[in-house]
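**Student:** Would you mind keeping the following structure in view while I ask a few things?
The values are calculated or read from the model by the stated rules, or taken from the named source; none is laboratory data. Everything quoted here is computed from the prediction, not taken from an experiment. Here the Cβ is made from the backbone with ideal geometry for all residues, glycine too, and neighbour counts use every protein chain on show.
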Amino acid sequence: MQIFEEALASPSTGRIVLRLYVAGATARSRQALLRVRRLCESELNGEYDLKVIDIYQQPTLARDGQIIATPTLVREFPRPVRRLIGSLSNTAALLAGLGLDTRGQAPG
């Protein structure tokens, strides 16, 4: 909740708050983290906060976030909350799922 509260207090209204839930330091977790960071760096121009949560180290956060599978990427802010579950390998699907601008993409 602290990240969400900080985003609300921030003067920058365009800031996106993301949480990436992973399960340990597995190859799948590392790949998901790399993909999300790449997406954020290329599409969000520094206007994001990304918190990575290892469900093994912080099981309470996983429970509170109702995380049932990993990796899961959650856009906490702006509302509404959006969740993406799985490999996170499809960039177009990530952009659409997060409700980000998909200029040049065909609808559908």
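**Student:** Mind checking whether some residue in region 84-105 is at pLDDT 85 or above and of a type in the set (Asp, Glu)?
**Tutor:** no
**Student:** Okay, moving on. Which condition breaks for Arg19 when tested against (1) part of a loop (DSSP other than H, G, I, E, B); (2) of a type in the set (Lys, Arg); (3) at pLDDT 95 or above?
**Tutor:** (1)
**Student:** Anything in region 66-89 that is over 15 Å from Leu39 (Cβ atoms), assigned to a loop (DSSP other than H, G, I, E, B) and among the aliphatic types (A, V, I, L, M)? List them, or say none.
**Tutor:** Ile67, Ile68, Ala69, Val81
**Student:** Can I ask one more? Taking the criterion of being surrounded by 12 or more Cβ atoms within 10 Å (Cβ to Cβ) and in contact with a helix residue (DSSP H, G or I) (Cβ under 8 Å, 6 or more places away or on another chain), would at least one residue in region 55-65 satisfy it?
**Tutor:** Checked against the condition, which is being surrounded by 12 or more Cβ atoms within 10 Å (Cβ to Cβ) and in contact with a helix residue (DSSP H, G or I) (Cβ under 8 Å, 6 or more places away or on another chain), region 55-65 yields at least one hit.
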